[in-house]
Every structure is written in C-alpha cells, then in structure tokens.
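Below is one structure, written out as structure tokens; comments come after it.
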Amino acid sequence: MKTISLVSQKGGSGKTTLALHLAVASAAAGRNTAVIDLDPQASAANWSDRREAELPVVLSAHASRLPHEIARVRDIGGEMLYIDTAPHSDSAALEAARCADLVLVPCRPAILDLEAITNTLNFLRTTGTPVLVVLNAIASIGQDTMQAEKALTAHQVETCPIRLGRRVAFARALVTGQTAQEFLPRSKAAREIAELHTFVLARLQDFNFATNGNPLP
C-alpha cells in the first residue's frame, strides 16, 4: 500500500479538495483507495456522506488513532491511501508525514501562503519523507505563478510541474459528493487532476525504485 499525506499549515490551501480528487482518480484507475480524514471539521467525511459511489472509502479519525487506521486500511486490501490533515496541527501533520511515502503540500501563489509554507517545509524535513509542492488555484493571467516558483526555489523543494487552475468545477463538484472528473469529465479541472495523478504515481514509482530497487506493485 502506498500512502500520500496532504499537509499545509495554511488553512484554505486546498488539502481536502486535492486529497479527494486524487483519491477518486486512484479509485477510477482500479486501485482500492481510502482517505483518512484527520481534520476535526471532517470535510472529507462529510463529502463521503453525500457520495453515492463506494470508493474511495473515507475514514474520520483522531491523529492518535492514525497508525491503527492505517493498519485497518492495509488489512482490508487498501492499495492507495490519502491522509487529509488539519492546518495548525504540527503533531498530527508530523505523524501523517512520517507514515507517508510522499507528502503533497498544496500552495496558492499568494504572499501569505508562500510565507506560511516556510514553517510547513521546515518541520516536514525532519521526517525524511519526500515532499512535493503543488501550486493550486493558479490564475489564468498574470505573473503570480512565475513569482511563486521563484520564491519556492529558495526552499530547495521539488515543485510539481502540473499546476491546478482556479476552477469553479473543483468546489462545485464537492457539493454533490463528486469530484471535477466526475462532475465535468471534459473540463480543464478534470484534465489537470488526471495529469497530476499520473505525475504523482510516477514520482512514487521513482521513490520506491530508489529505495527498494523495485517498481511499484
């Protein structure tokens, strides 16, 4: 089983939206997929309550129960697990990062988000888990993306080449327990998620091969 944790100390960065969209993409690719929702607001769990499809399974849990819930997902044959963390919760985020094969840090190209990412990256480095920053809510015009990329180079962190635009479909789909690729399958939002999912799986493959010398099962 491969585990991806979504971590950001900044609220509103898009962790839950990204976790759910990637989880649905994994499920659609034929992988037994689950999401563990560590956020007390339980946004992912509430989305699951509105959902008709069986996958991905969403489990709401307290951070102290995380190892048990991960083992539970593994025992039921889980192949992909996404962990959605709460902002401003260092201990829970650290535990989620330590348990993961890859940490995704969504970041909007705005000054407050770029300033906040410093603390997030500093404590993630203590875990030794690979980190990938995903630029989110990118405007279709302007220099924000270029400026954000320049700011991130100072942190010596890998930035995903797939960016997510500021798309209405991302938020609107969640209202009905869906994701953009289900709600508007031919939309730009759906295409971006498909490309991001492919890239993330490829990076997991790279990390796994570098560590074990074997491709992902």
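The values are calculated or read from the model by the stated rules, or taken from the named source; none is laboratory data. For clarity, every value in this text was computed on a predicted model and none was experimentally measured. Note that each Cβ is placed from the backbone with ideal geometry, even for glycine, and that neighbours are counted across all protein chains shown. All accessible areas refer to the heavy atoms of the entire protein, side chains included, with ligands and DNA or RNA removed. Shrake-Rupley method; radii C 1.70, N 1.55, O 1.52, S 1.80 Å.
Table for the structure above
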{"item": "In sequence order, calculated HN-Hα J values of segment 19-32 (Karplus, 6.51, -1.76, 1.60; Hz; x Gly/Pro)", "result": "4, 5, 5, 5, 5, 5, 4, 5, 5, 5, 7, x, 9, 5"}
{"item": "Surrounding net charge for K188, when Lys and Arg each add one and Asp and Glu each subtract one, Cβ distance under 13 Å", "result": "+3"}
{"item": "Estimated Rh, segment 103-142: Kirkwood, alpha-carbon pairs, angstrom", "result": "11.0 Å"}
{"item": "Accessible area (Å², 1.4 Å probe, nearest 10) - C99", "result": "50 Å²"}
{"item": "Formal net charge of residues neighbouring P130 (Cβ-Cβ distance under 15 Å; K, R +1; D, E -1)", "result": "+1"}
{"item": "Largest-first ordering by accessible area, 1.4 Å probe, given options K188, K15, K2", "result": "K188, K2, K15"}
{"item": "Computed magnitude of the charge dipole of segment 1-114 (debye, nearest 20; Cβ of K, R +1, Cβ of D, E -1)", "result": "140 debye"}
{"item": "Inter-label distance for R98 and F199, nm, one decimal - labels placed 7 Å from Cα along Cα-to-Cβ", "result": "3.0 nm"}
{"item": "Derived scalar couplings ³J(HN,Hα) [segment 5-15; Karplus, 6.51 cos²θ - 1.76 cosθ + 1.60; whole Hz; x for Gly, Pro]", "result": "9, 9, 9, 6, 6, 8, x, x, 7, x, 4"}
{"item": "Kirkwood Rh, Cα atoms: Rg over Rh of segment 127-192", "result": "1.06"}
{"item": "Charge-dipole axis of the chain as Lys and Arg at +1 and Asp and Glu at -1 on Cβ define it, positive-most pick from N119, L152, V103", "result": "L152"}
{"item": "Note, ³J(HN,Hα) from phi for segment 49-57, Karplus 6.51, -1.76, 1.60, rounded to Hz, x at Gly and Pro", "result": "5, 8, 8, 8, 5, 6, 10, x, 6"}
{"item": "Geometric extent, Cα atoms of segment 1-99 - Rg, Dmax (angstrom)", "result": "12.2, 34"}
{"item": "Relative compactness, segment 45-111, computed as alpha-carbon Rg over 2.2 N^0.38 Å", "result": "1.24"}
{"item": "P(r) weight above 31 Å for the chain, C-alpha pairs, percent", "result": "13 percent"}
{"item": "Length-normalised contact order of the chain in % [C-alpha pairs under 8 Å, at least 6 apart]", "result": "23 percent"}
